[in-house]
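Here is the structure we will look at.
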Amino acid sequence: MLQKGILAVRGASISLHDVSLKNILSSSETDSSLIELVGSRLRASDSTFSGVAGNALNLYRSDSAPYSTIEITDSTIEEYGGVGIYSVQATGTISHSIISGGTIGIEHIFSHLRVSNSRIDQHSELGAVAYIPEYPLSAVGNFWGHDSGPYSEAFNQNAIGDEVSGSVFFE
């Protein structure tokens with residue numbers, strides 16, 4: 001059964017300040033999410049999203065609505081079993097935040113996201129991945145778990161921070 005903490009569709013707008021969404025879903029539901037946006041908008045500041053077996057935030061474009069848009073500042077996304085931010089055709093910014101403790105930090109597909117001044121670390125597979133070269137993930141000025149930066153097979157093989165893959169611009 002697909003479970004959602006908050007589901008926003010077709011142009012809905014959510015603003016969260018100093019909110020904590022924690023452990024609200026069954027720990028066995030790997031297709032669950034804390035927040036799912038479909039053609040909607042999320043503004044979050046000073047908030048914490050944690051404790052879900054699946055993805056913390058899912059961002060999608062709907063057939064009848066524009067891209068989902070996020071603005072996340074000074075917030076923490078942690079302790080998720082899947083992806084911290086799973087973004088398909090979304091736009092937005094994440095700054096001064098923590099994305100930590102899951103399988104993948106950010107999975108970026110046909111999106112326009114910018115992550116800055118944030119901590120992206122402690123992921124079992126990847127800190128960030130962007131699959132489409134024409135839609136790179138801008139992730140400059142972040143801490144990846146080590147001062148050497150994120151590990152990248154193509155650009156930063158000596159680093160020992162969380163790994164990045166595909167079109168992730170980190171410096």
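How long is the gain from residue 122 to residue 88 if the chain were fully straight, where each residue apart is worth 0.36 nm and the alpha carbon distance is subtracted?
Taking residue 122 through residue 88 to full extension adds about 9.9 nm, to one decimal.
Roughly what would the spin-label model give for residue 158 and residue 43, points 7 Å off Cα along C-beta, in nm?
Roughly 4.5 nm, to one decimal.
Largest first and to the nearest Å, give the Cα extent of the chain along each principal axis.
Projected onto the principal axes, the Cα atoms of the chain cover 42, 32, 29 Å.
Once R0 is set to 41 Å, what does the formula 1/(1 + (r/R0)^6) return for the Cβ-Cβ distance between residue 10 and residue 74, expressed as a FRET efficiency to the nearest 0.05? Display every interim value, and only then the final one.
Working: r = 28 Å, r/R0 = 0.69.
Efficiency at R0 = 41 Å is approximately 0.90.
With a 1.4 Å probe and every protein chain left in place, work out the accessible area per residue of region 87-171 in Å², rounded to a whole number. Walk me through the numbers on the way to the answer.
Numbers: 3870 Å² over 85 residues.
Per residue, region 87-171 has 46 Å² of solvent-accessible surface.
Can you work out the FRET efficiency for the pair residue 146 and residue 63, with r the C-beta to C-beta distance and R0 = 45 Å, to the nearest 0.05?
Working: r = 42 Å, r/R0 = 0.93.
With a Förster radius of 45 Å, E is 0.60.
Determine the dipole magnitude for region 59-168: charges of +1 sit on the beta-carbon of Lys and Arg, -1 on that of Asp and Glu, nothing else is charged, the reference point is the Cα centre, and the result goes in debye to the nearest 20.
Numbers: 3 positive and 13 negative charges, 51 e Å.
Roughly 240 debye, rounded to the nearest 20.
Taking all protein chains as present, what is the carbon and sulfur share of the accessible area of the chain, in % to the nearest whole number, probe 1.4 Å? Mind showing how you got there, number by number?
Working: 3730 of 7800 Å².
Result for the chain: 48 percent of the exposed heavy-atom area is carbon or sulfur.
The values are calculated or read from the model by the stated rules, or taken from the named source; none is laboratory data. Predicted, not measured: the structure shown is a model, and the values here were computed from it. All Cβ positions, glycine included, derive from the backbone under ideal geometry; neighbour counts span all protein chains shown. The accessibility values were calculated without ligands, DNA or RNA, using every heavy atom of the protein model including side chains. Shrake-Rupley method; radii C 1.70, N 1.55, O 1.52, S 1.80 Å.
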